[in-house]
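Structure, as structure tokens:
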Amino acid sequence: MKFRKGLILKNICGENVIVAEGLENIDFCKMLVLNESAKYLFEQVNGKDFTAEELESLLLERYEVDEAIVRKDVAALCSSWAEAGIME
Amino acid sequence: MEKTCRQFLELLRAGLWGSVANPESFQEGADWKAIIRLAKEQTVLLLVADGYATLPVELQPSRDIQFKVEAFRVRNTQAHMLLNKELVSLSRLMNSNGIRTVLLKGQGLARNYLNPQSRGCGDIDMYVGETHFEKAKLLINECGGLQGEDSESEKHYHCTRGGIDIELHRVAELMKLPWEDRRYQEWTRKHLVVSGDFEVWNTDGYDINLPPVQFNVLYVFYHFLNHFQSSGISLRQICDWVRLLHTHAGQFDGDTLMHDLKSFGLIPQWKVFAQIAVDYLGLPSAEMPLYPAPAGRRARKAFDMMMKYGNFGRTQQASRKPRPKGYYSGKLYSFYHAVRNNLSLFAIFPIRTVVNFIVYTFHGTCVALKGE
């Protein structure tokens with residue numbers, strides 16, 4: 001998996017928001033709000049290829065959380081990112 | 001000055017100069033919808049947004065407003081990229097066919113801003129000159145991709161390509177009286193054709209000619225003055241001018257500028273807008289030629305007109321009844337609004353307004369008699 005090129009993270013009104021810039025994103029006008037953990041993951045893997053397992057490892061290293069919950073949350077997150085159109 | 005307007009100016013100045021907006025001005029609350037509406041009418045929304053971003057979070061506008069503004073910022077940023085791409089393509093087309101081009105206003109002025117992408121995006125004004133005008137028109141038409149209708153005036157040829165409005169200029173600007181216009185065209189040719197002493201801006205790997213600074217500080221001023229006197233302007237045009245003066249402070253000759261202003265009869269007008277630039281928009285006074293030169297209430301009247309009319313008069317036009325469809329009733333409608341406009345202008349520039357009105361009425365009558 002990989003995020004599309006030109007995504008940048010901004011702080012708008014205290015919230016973490018992804019917007020897309022660049023000519024390749026000329027038709028992409030969405031803005032995506034991320035919670036803290038999604039923001040963390042985005043910052044770690046933006047610009048690189050990554051897998052769901054890598055995202056799970058990152059979360060397990062950072063937070064004290066049950067593995068099954070992390071797996072479920074990452075799956076949901078990847079699905080929402082794909083639906084939002086921010087994946088290549 | 002009314003509170004919303006004061007707050008709007010506070011934020012605009014902060015965005016324009018990269019300073020911090022004074023939080024005390026917002027302690028007693030702000031009508032953010034009104035401020036944002038003003039910012040849109042004056043085409044300075046993102047500068048105002050840059051300004052409110054410097055306020056403590058608790059004094060900033062609501063989440064809803066900020067998200068809408070940021071959505072606009074994304075579209076504006078993309079518009080800048082598209083515009084720059086088209087600009088390079090157009091320049092390349094002209095230059096490779098032996099036509100030297102000079103980019104007037106627009107993206108050339110945007111680069112004087114702290115963040116060029118905070119300037120509202122517009123169109124491409126490309127000076128090609130009288131000699132190459134017909135060839136330039138032919139080239140752009142042969143190139144294809146034009147959308148909608150094109151049009152031509154004494155000043156330029158207008159078309160749309162890739163969603164971007166393009167104006168190929170045969171002349172940079174026109175003056176109302178024939179003898180003034182002859183002098184102005186000679187002055188323009190001296191700077192844009194003969195001298196070749198351009199500023200060069202490299203964008204997307206291509207060199208774009210920009211007008212010499214000595215020409216530009218007066219040209220940008222006269223261009224917005226012309227629009228102010230005919231349809232109305234917004235503060236965006238003044239912001240362009242102050243950023244140009246600030247960025248190029250010390251790079252043009254003040255005496256030569258004074259001589260040029262005098263020869264075109266523009267000293268009283270310059271003084272009015274000089275006062276607005278310094279007192280309202282915060283340009284350092286040392287960077288404004290002819291300041292202080294008190295223009296008194298005239299500067300305030302001019303400022304009020306800009307706030308009322310909006311960008312190219314659109315705010316005021318939106319509040320008017322629509323133009324009647326009939327030929328003569330339509331002409332009368334335009335004449336009526338021209339009279340009203342000139343009555344307001346008379347209080348600011350009495351002599352020039354009378355001259356302009358006579359010229360306007362003369363030309364309008366000739367056109368009406370010909371049935372054009």
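The values are calculated or read from the model by the stated rules, or taken from the named source; none is laboratory data. In this text the structure is predicted, and so the values were computed from the model without any measurement. We place every Cβ from the backbone using ideal geometry, glycine too, and count neighbours over all the protein chains shown. To get the accessible areas, we keep the full protein, side chains included, count just its heavy atoms, and leave off ligands, DNA and RNA. Shrake-Rupley method; radii C 1.70, N 1.55, O 1.52, S 1.80 Å.
Could you look through the stretch A:46-87, keep only residues that are under 28 Å from A:ASP27 (Cα atoms) and in contact with a Phe, Trp or Tyr (Cβ under 7 Å, 6 or more places away or on another chain), and pick out the one that is surrounded by the most Cβ atoms within 10 Å (Cβ to Cβ)?
Per the criteria, the residue is A:ILE86.
Do any strands (runs of 3 or more DSSP E) entirely within the stretch B:91-192 hold 1 or more residues that are on the phi > 0 side of the Ramachandran plot, and if so, which?
B:146-152
Going by the conditions given, is B:GLN275 under 18 Å from the mean Cα position of the chain (by Cα) and open to solvent by 10 Å² or more (accessible area, probe 1.4 Å)?
So B:GLN275 passes the test.
Residues that are crowded, with 17+ Cβ neighbours inside 10 Å and under 30 Å from B:HIS337 (Cβ atoms): does the stretch B:194-206 have at least one?
No, there is no match, as no residue in the stretch B:194-206 is crowded, with 17+ Cβ neighbours inside 10 Å and under 30 Å from B:HIS337 (Cβ atoms).
So which residues in the stretch B:207-231 are crowded, with 23+ Cβ neighbours inside 10 Å and in a loop (DSSP other than H, G, I, E, B), if there are any at all?
Passing the criteria: only B:PRO211.
Go through (1) open to solvent by less than 40 Å² (accessible area, probe 1.4 Å); (2) modelled with pLDDT under 95; (3) touching a helix residue (DSSP H, G or I) at 6+ places or on another chain (Cβ under 6 Å) for B:SER118 and report which single condition fails.
It fails just one condition, (2).
So which residues in the stretch A:1-31 are loosely packed, with under 15 Cβ neighbours inside 10 Å, within 19 Å of B:ASP204 (Cα to Cα) and of a type in the set (D, E, K, R)?
Scanning the stretch A:1-31 gives A:LYS5, A:GLU24.
Filter the stretch B:47-78 down to the residues that are assigned to a helix (DSSP H, G or I) and within 19 Å of B:ARG243 (Cβ to Cβ) and list them by number.
The answer is B:LEU47, B:VAL48, B:ALA49, B:ASP50, B:GLY51, B:ARG73, B:ASN76, B:THR77.
With respect to A:LYS48, determine if the residue is of a type in the set (D, E, K, R) and over 22 Å from B:ARG73 (Cα atoms).
Yes, satisfied.
Restricting attention to the stretch B:6-29, and to residues there that are open to solvent by less than 10 Å² (accessible area, probe 1.4 Å) and over 18 Å from B:LEU283 (Cβ atoms), which single residue is nearest to the chain's Cα centre (by Cα)?
Here the answer is B:GLN7.
Any residue in the stretch B:47-68 that is within 9 Å of another protein chain (Cβ to nearest Cβ) sitting within a Cβ distance under 9 Å of a residue that is of a type in the set (Val, Ile, Thr) and surrounded by fewer than 17 Cβ atoms within 10 Å (Cβ to Cβ)? List the pairs, counting only those 6 or more apart or interchain.
Qualifying pairs under 9 Å: B:PHE67/A:VAL33.
Tell me which residues, restricted to the stretch B:140-156, are touching a residue at least 40 places away in the same chain (Cβ under 8 Å) and either closer than 30 Å to B:LEU46 by Cα or open to solvent by less than 20 Å² (accessible area, probe 1.4 Å) (or both).
Once the filter is applied, which keeps residues that are touching a residue at least 40 places away in the same chain (Cβ under 8 Å) and either closer than 30 Å to B:LEU46 by Cα or open to solvent by less than 20 Å² (accessible area, probe 1.4 Å) (or both), the stretch B:140-156 yields only B:ILE140.
Which of (1) surrounded by 16 or more Cβ atoms within 10 Å (Cβ to Cβ); (2) of a type in the set (Phe, Trp, Tyr); (3) at pLDDT below 85 does B:TYR327 not meet, given it meets every other one?
Of the numbered conditions (1) surrounded by 16 or more Cβ atoms within 10 Å (Cβ to Cβ); (2) of a type in the set (Phe, Trp, Tyr); (3) at pLDDT below 85, the odd one out for B:TYR327 is (1).
Go through the stretch B:71-118 and report how many residues are within 14 Å of another protein chain (Cβ to nearest Cβ), without any contact (Cβ under 8 Å) to a residue 12 or more places away in the chain and not hydroxyl-bearing (Ser, Thr, Tyr).
Counting residues in the stretch B:71-118 that are within 14 Å of another protein chain (Cβ to nearest Cβ), without any contact (Cβ under 8 Å) to a residue 12 or more places away in the chain and not hydroxyl-bearing (Ser, Thr, Tyr) gives 5.
Quick check, is B:ALA39 open to solvent by less than 30 Å² (accessible area, probe 1.4 Å) and more than 20 Å from the chain's Cα centre (by Cα)?
Considered against the rule, which asks whether it is open to solvent by less than 30 Å² (accessible area, probe 1.4 Å) and more than 20 Å from the chain's Cα centre (by Cα), B:ALA39 comes out as no.
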